[in-house]
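Below is one structure; the comments refer to it alone.
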Amino acid sequence: MACVAVPPGAADATGPDGSPSVHTVSVPGTRGCLSDADYVKYSRSAPTTDGGSDGRWIAADESGWDGEALFQPTEPYMTIGSVAIDDGDADTVLALLRRDAGIEQAAELKFGHFARVRNQRRLEVLAGALRPGGMLASRASIFMIDKRFFVTAKIIDLLLEEYAHENGVDLHADDQARRYAQKLIEEGPRALGAPMFDEVIRMFVRFAGIRNRGQALVEVAELFRVLDAAERRSHRRAITDILGMLLRCRAQADELQKTMLEPDFLLAMEPLIPTMPAVLNEWSRQIGPASLLMDAHKVLTDDRIDILWKAMTAGHPDFRYLWTGVRPRGLARGDSSNHPSIQLADLVAGAGRAVAHFHEGLTTSTAEVGAALATSVAPLITPHSLIAHDEPARFSRPKESRGHPPTGS
């Protein structure tokens, strides 16, 4: 874990609600120290308290994040765990969990403390807290991201949706964009054969990813050679039709490469970017005015949060589809050592990832834990998740194993 430090003597920055920021922010998934200038404005050390101008506080954390490495059979899902709770109430819940699970020594409570199959007591305590009627059930939610579905949705959104928009068609109006993405993920492997479908996914991730920004490691022509080969190989009409439409989107692909150079372009293939606003939007629709406290993460720089906040409150050209009836009050980042609510979000996110491993049929110790938690956790998965269906209850049971190797965790 790396750090983001404010130089000695520097004045405290303030978050969107005017509260003091932290002097040091732990940033997962980094090496060395990131520039403090990128992680100051939205950082918060003060405890969250429900009410007032902030509305209700939501804490969120992720599990299973691999950045733009979106095609990994051993880590096919990412989860965002969130809890509608402020730090004061979260501290009380943590104390009860520690007592019931017999976890007294750890400085922070982490999902790893419960993720031991042999310690049935701890697993039962966590399952009891999350299942319907448990102390966290009405306060917790899981936003599940199927990484391969995320890629197919981006293929539609960044190419075909742009083409349709320029021709006066709104693919989001009747959820057509989502249906196209679902069709690709559901029928694509059978229509193209798994190797060709996988190549389409890999090539688009490389084309639209940050490493291709300004370097053209993957040219438009290379992407379209793969799409053309896939269209010629397809033996299912629905997939052939979608690929045929995508092949008409060359101008949109050229424009995308140019747009990627603009300073306010959000990382197209980074799933954290769209999911954090989605989490706050979902909660705000349920409980009214709300603020989101995110676990500190290297992706969530001040500049990117600025763009997200603008998109959520004033509209943004990259966000044509936004839910209505939401009342976001603020965004902040924090560290779990300062915020008990983030520790609870870590438990929820970790439980969601474990259940995803179980559902996918992976042969991992995490999947074994997921089997014990599945019936408690599946009801927490929001139907608005980035998954290729509208039935989160499917995660309570395994689908056919794909024979993937274990991850060892």
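Rule-based calculations on the coordinates, nothing more; no lab input. In this text, all values refer to a predicted model and were calculated from it rather than measured experimentally. No Cβ is skipped: glycine too gets one built from the backbone with ideal geometry, and neighbour counts run over all protein chains shown.
All other residues with a Cβ under 15 Å from the Cβ of GLY128 taken together, and with Lys, Arg as +1 and Asp, Glu as -1, what is their net charge? Provide the component values of the computation, followed by the final result.
On the way: positive: ARG98, ARG99, ARG121, ARG122, ARG131, ARG139; negative: ASP100, GLU124.
Here the count lands on +4.
Past 22 Å, Cα to Cα: identify those pairs from LYS183/LYS399; LYS110/LYS310; LYS154/LYS183; LYS258/LYS298, in the order given. Mind showing how you got there, number by number?
Details: LYS183/LYS399 18 Å; LYS110/LYS310 33 Å; LYS154/LYS183 13 Å; LYS258/LYS298 25 Å.
Among LYS183/LYS399; LYS110/LYS310; LYS154/LYS183; LYS258/LYS298, the Cα-Cα distance tops 22 Å for LYS110/LYS310; LYS258/LYS298.
Mind giving me the FRET efficiency for HIS165 and SER53? R0 is 45 Å, r the Cβ-Cβ distance, nearest 0.05 is fine. All intermediate terms of the calculation are to be shown ahead of the outcome.
On the way: r = 36 Å, r/R0 = 0.81.
Working from the Cβ atoms, E equals 0.80.
The stretch 72-144 to the stretch 157-199: how many Å between their Cα centroids?
36
For HIS339, HIS172, what ranking results if the residue with the fewest other Cβ atoms within 10 Å of its Cβ goes first? Please list the in-between numbers first.
On the way: HIS339 29, HIS172 15.
Lowest count first: HIS172, HIS339.
Residue by residue through the stretch 364-377, which ³J(HN,Hα) values in whole Hz follow from phi under the Karplus form 6.51 cos²θ - 1.76 cosθ + 1.60 (θ = phi - 60°), with glycine and proline marked x?
Ordered by residue, 3J(HN,Hα) equals 10, 5, 4, 5, 4, 5, x, 4, 6, 9, 4, 5, 7, 8 Hz.
For the stretch 147-259, what is the Kirkwood hydrodynamic radius in Å, using each pair of distinct C-alpha atoms?
Details: mean 1/r = 0.0715 Å⁻¹.
Result for the stretch 147-259 stands at 14.0 Å.
At most 13 other Cβ atoms within 10 Å and a DSSP loop assignment: could you name the chymotrypsin sites (Phe, Trp or Tyr not before Pro) in the stretch 322-395 that fit? If you can, show how the numbers build up before the last one.
Values: sites: TRP323, PHE358, PHE395; in loops: TRP323.
When the chymotrypsin sites (Phe, Trp or Tyr not before Pro) of the stretch 322-395 are filtered for loop state and at most 13 Cβ neighbours within 10 Å, TRP323 remain.
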